[in-house]
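K.L.:
Here it is: the structure, laid out below.
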Amino acid sequence: MSERIDVSIEHKHAPPQDGGRPHPNTCPKCDSHYRDDELEQHLNVCPHCGYHFPLHARERIRQLSDEDSFLEEAADLRSDDPLDFFDLRPYTERLAEAELATGLGEAMVIGRGAIEDLPCQLAVMEFGFMGGSMGRIVGEKFARACEGAAERGVPLVSVTTTGGARMQEGILSLMQLPKTVCAVEDLHDAGGVLISVMAHPTTAGVLASFASLGDVLVAEPGALLSFTGPRVVQQTTREKLPDDFGLAESNYRYGHVDAIVPRPELRPTLGRLLRLFANGR
């Protein structure tokens with residue numbers, strides 16, 4: 001019989017923040033509330049119910065890579081406004097707001113690093129930057145990550161969390177789908193490997209392009225992996241969908257992903273995969 005987990009909870013129902021929003025350290029699945037250090041200790045996974053809290057891209061890199069091994073690349077790349085797009089606010093204003101909120105210049109961080117002493121290239125998405133949407137710069141960064149992995153002869157590990165293509169860049173954003181697909185093909189032609197880790201959510205144009213092209217596809221528990229969300233599908237088809245429609249568990253059941261790996265097991269799992277591919281060269 002497994003040992004009972006002793007969860008230190010400050011408040012079962014934490015007071016809402018200003019504006020009525022729930023506290024970010026409150027689990028939306030079981031309402032347990034944690035201190036910052038408690039969440040960090042458990043890799044931002046609720047130890048009571050297993051809910052995986054969102055992770056900032058830099059925190060994800062810190063959890064996965066060896067200490068002081070990550071060297072960021074192409075950090076100076078920024079999106080501009082090629083279409084002079086304006087909805088309720090100018091696109092440039094939304095970009096500036098996203099950069100202030102996340103501390104990142106775009107919705108993807110790339111660079112070279114190591115996992116369990118095995119060198120690799122990393123491409124990690126940040127959902128907090130305009131929903132992790134893929135515009136021209138995200139596509140360019142991913143393509144550069146593929147080129148870097150091919151040149152160094154190391155695997156590329158990508159971590160996706162995204163709402164898809166960025167509408168403010170229109171057709172230029174959609175063109176990133178074939179661009180990233182070609183980048184993966186070039187990586188494979190060079191004998192390289194892509195390990196794709198899909199976190200919640202991985203949807204739309206990113207799922208339809210490079211996220212699904214990994215040599216190994218890994219998903220976090222409960223992640224939504226669907227071209228579009230269940231609400232839209234249900235409204236369109238007018239049919240009741242299964243409760244787990246589009247979730248990682250459903251995708252695994254139908255063979256769309258190779259494994260569902262909880263976050264505490266992700267780093268050692270990637271380490272094993274990197275060793276397997278290294279030994280197969």
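K.L.:
Among the DSSP beta bridges whose two residues both lie in the chain, what percent are antiparallel, rounded to the nearest 5? Numbers along the way, then the final one.
P.N.:
Working: 15 of 34 bridges.
So the antiparallel bridges in the chain amount to around 45 percent.
K.L.:
Write down the accessible area per residue of segment 165-281 in Å², having rolled a 1.4 Å probe over the full set of protein chains.
P.N.:
Working: 5920 Å² over 117 residues.
Per residue, segment 165-281 has an accessible area of 51 Å².
K.L.:
If pairing requires two Cys Cβ atoms under 4.7 Å apart, which cysteines of the chain are left without a partner?
P.N.:
Here CYS120, CYS146, CYS182 come out as lacking a disulfide-compatible partner, given the Cβ-Cβ threshold of under 4.7 Å.
K.L.:
Counting pairs of Cα atoms in segment 148-255, how many percent are more than 22 Å apart? Don't skip to the end; give the middle numbers.
P.N.:
Values: 2198 of 5778 pairs.
Here the long-distance tail beyond 22 Å is 38 percent of all Cα pairs in segment 148-255.
K.L.:
Taking each pair of distinct Cα atoms in segment 180-222 once, what is the resulting Kirkwood hydrodynamic radius in Å?
P.N.:
Details: mean 1/r = 0.0928 Å⁻¹.
Kirkwood hydrodynamic radius for segment 180-222: 10.8 Å.
K.L.:
At 7 Å along Cα-to-Cβ for each site, give me the label-to-label distance between VAL232 and ASP68 in nm.
P.N.:
4.6
K.L.:
Quick check: convex hull over the Cα atoms of segment 97-178, volume per residue in Å³, rounded to an integer?
P.N.:
Values: hull volume 7.1 nm³, N = 82.
Cα-based convex hull of segment 97-178, divided per residue, equals 86 Å³.
K.L.:
A follow-up question, please. Apply the a/c threshold of 1.5 to the C-alpha gyration tensor of the chain and tell me whether it is rounded, prolate or oblate.
P.N.:
Working: a/c = 1.38, a/b = 1.12, b/c = 1.23.
Here the chain falls in the rounded category.
K.L.:
Further question: Using a 1.4 Å probe, how large is the accessible area of ARG272, given in Å² and rounded to the nearest 10?
P.N.:
ARG272 has an accessible surface of roughly 130 Å² with all protein chains in place.
K.L.:
Also, I was wondering about something else. In whole angstrom, how far apart do the alpha carbon centroids of segment 239-281 and segment 164-227 sit?
P.N.:
About 15 Å separates the Cα centre of segment 239-281 from the one of segment 164-227.
K.L.:
Rounded to the nearest 500 deg cm²/dmol, what is the calculated helix-only ellipticity per residue at 222 nm for the chain, with -39500 (n - 2.57) per DSSP H run of length n ≥ 4? The partial results should precede the final answer.
P.N.:
Details: 10 runs with 97 residues, N = 281.
After summing the helix terms and dividing by the residues of the chain, the value is -10000 deg cm²/dmol.
The values are calculated or read from the model by the stated rules, or taken from the named source; none is laboratory data. This structure is a prediction, so every number in the text was calculated from the model and none was measured. Note: ideal-geometry Cβ built from the backbone for every residue, glycine included; neighbour counts use all protein chains shown. Note: accessible area is taken over every heavy atom of the protein model, side chains too, but ligands, DNA and RNA are not part of it. Shrake-Rupley method; radii C 1.70, N 1.55, O 1.52, S 1.80 Å.
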